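J.: I'd like to ask you about the structure that follows.
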Amino acid sequence: MVTSPSHEAALPPAVKAEETAPAEVLPLPPPLLPAPPSKPAVPVGCSNMRLRRLTRLVSRHYDAHLARCGLKTTQYSLLAVVADGGPLVQGDLARLLSLDASTLTRNLRPLLDAGLIAVDAGSDARSRQVSVTAAGRERRAEARQHWKRAQLHFNEVVGTERAASLHDLVDTCYRMLAASDDRRT
């Protein structure tokens with residue numbers, strides 16, 4: 001393009017620079033290579049040990065928050081399940097929490113001694129029914145605030161998305177293992 005001096009002055013600076021600067025040669029991008037095949041993930045170490053280690057740490061975290069109202073995580077969980085589920089037969093409660101009968105009895109004892117739950121005769125001579133008392137409902141309401149703070153702090157430290165993924169993974173693994181146990185019995 002031939003321009004007169006008066007016409008060149010009318011061009012914007014970017015156009016002048018493009019016309020006067022030598023063309024820069026850019027190198028071609030490297031060819032796309034296929035990604036190397038990925039190896040399937042193989043767990044290293046003991047899954048049980050890793051889960052127990054994590055569970056102990058998480059329990060300490062929640063216990064520290066719940067201690068402010070005089071409960072441990074195991075006690076709060078029992079109290080919440082019984083409060084939400086209404087009176088429950090002790091055997092059903094054990095199955096719901098995946099506990100054996102003796103562990104459930106041992107975990108119920110402090111709640112019973114504190115007057116937070118009641119254990120009464122069930123529909124037959126061998127069953128026992130667990131229910132929450134008025135004091136248990138009050139303590140559960142107080143504990144719920146501490147549990148909520150513990151949960152929010154956990155989500156903050158671990159990340160909300162990671163916590164949600166953890167819940168999904170735990171629930172999926174639980175269902176798979178429970179189904180596997182059901183097939184064996």
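J.: Quick check: is even one residue across region 140-155 in contact with a strand residue (DSSP E or B) (Cβ under 9 Å, 6 or more places away or on another chain) and surrounded by 11 or more Cβ atoms within 10 Å (Cβ to Cβ)?
T.: Checking region 140-155: at least one residue is in contact with a strand residue (DSSP E or B) (Cβ under 9 Å, 6 or more places away or on another chain) and surrounded by 11 or more Cβ atoms within 10 Å (Cβ to Cβ).
J.: Here is a follow-up. Can you confirm whether region 162-177 contains a residue that is of a type in the set (A, V, I, L, M, F, W, C), out of contact with any His (no Cβ under 9 Å at 6 or more places or on another chain) and in contact (Cβ under 8 Å) with a residue 40 or more places away in the chain?
T.: Checking region 162-177: not a single residue is of a type in the set (A, V, I, L, M, F, W, C), out of contact with any His (no Cβ under 9 Å at 6 or more places or on another chain) and in contact (Cβ under 8 Å) with a residue 40 or more places away in the chain.
J.: Going by the structure shown, is residue 150 under 27 Å from the mean Cα position of the chain (by Cα) and in a helix (DSSP H, G or I)?
T.: yes
J.: Another question, then. Right, residue 55: out of contact with any Gly (no Cβ under 6 Å at 6 or more places or on another chain) and farther than 20 Å from residue 114 by Cβ or not?
T.: So residue 55 fits the description; yes.
J.: Inspect all residues belonging to region 56-70 and state whether any of them is surrounded by 15 or more Cβ atoms within 10 Å (Cβ to Cβ) and outside any helix (DSSP H, G or I).
T.: No, region 56-70 contains no residue that is surrounded by 15 or more Cβ atoms within 10 Å (Cβ to Cβ) and outside any helix (DSSP H, G or I).
J.: Continuing with this model, one more query. Within region 131-143, identify whether any single residue is over 17 Å from residue 78 (Cβ atoms) and not in a helix (DSSP H, G or I), and answer yes or no.
T.: No, region 131-143 has no match at all.
J.: Restricting attention to region 82-96, does a residue exist that is free of Cβ contacts under 8 Å to residues at least 40 places away in the same chain, surrounded by 13 or more Cβ atoms within 10 Å (Cβ to Cβ), of a type in the set (Val, Ile, Thr) and assigned to a helix (DSSP H, G or I)?
T.: no
J.: With respect to residue 103, is the statement that it is more than 20 Å from the chain's Cα centre (by Cα) and free of Cβ contacts under 8 Å to residues at least 24 places away in the same chain true?
T.: Against the criterion (more than 20 Å from the chain's Cα centre (by Cα) and free of Cβ contacts under 8 Å to residues at least 24 places away in the same chain), residue 103 qualifies.
Where a number appears in this text, it was derived from the coordinates with a stated rule and is not lab data. Quantities reported herein were computed from a predicted structural model and do not represent experimental measurements. All Cβ positions, even for glycine, are placed from backbone atoms using ideal geometry, and neighbour counts span all protein chains on display.
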